[in-house]
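First up is the structure itself, then whatever we jot down about it.
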Amino acid sequence: MYDRILVPLDGSKLAECVLPHVEKIAKDCKVKEVILLRVCESPSILSDYPASMPLSWEEHVDQITTHAQQQCSLYLGNAEKQLRDLGLNVRSDSRFGNAADEIVDYAAKNEVDLIIMASHGRSGLTRWAYGSVADKVFRSTCTPILMVRAPGCVPGI
């Protein structure tokens, strides 16, 4: 039923609450591949780069971008190892950009059958102020989504 599951993680313990669900579904449904995805903000690069610097502007931008990509991906290594140790076929990827847009785009381009993600459970003003990545993904894709409520969720708040 599910060949490829996408698991967006934001680097928080809260987001990792989905991992036991991922394990159970992946094993029971004999999932071929689990993909861990982290979306990070693009690095800020100052445009007033002095001409006297040892690197060209392009090399400078490439160096900063490469470092930011490595830092974004670094977190996924532990989660990937944890799932691999449980016998799952796992790979990870990281992107820069708007989290909801990147998740939806990644799912569409990689023929994902299921997205499993955590909801932080925000509502009211905090939801309005911070937005809801989970809600935006839910409304922007036709891929089935398993939304896992964060531990400590209080209904109606």
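What is the packing order of peptides 5-15, 22-32, 102-112, taking the mean over residues of other C-beta atoms within 10 Å and listing the highest first? Write out the running numbers ahead of the final one.
On the way: 5-15: 19.3, 22-32: 15.4, 102-112: 17.5.
Highest-to-lowest ranking by the protection proxy: 5-15, 102-112, 22-32.
Please find the FRET efficiency linking ASP135 to LEU55, where r is the Cβ-Cβ separation and R0 is fixed at 35 Å, and quote it to the nearest 0.05.
Values: r = 42 Å, r/R0 = 1.19.
So, using R0 = 35 Å, E works out to roughly 0.25.
Hey, what D do you get for the stretch 50-108 in µm²/s if you plug the Kirkwood alpha-carbon radius into Stokes-Einstein at 37 °C and 0.692 mPa s?
On the way: Rh = 14.0 Å.
Stokes-Einstein gives a translational diffusion coefficient of 234 µm²/s.
Read-outs: derived from the displayed coordinates by stated rules, not from any lab. Remember, predicted model here, so these are calculated numbers, not experimental data. Note that each Cβ is placed from the backbone with ideal geometry, even for glycine, and that neighbours are counted across all protein chains shown.
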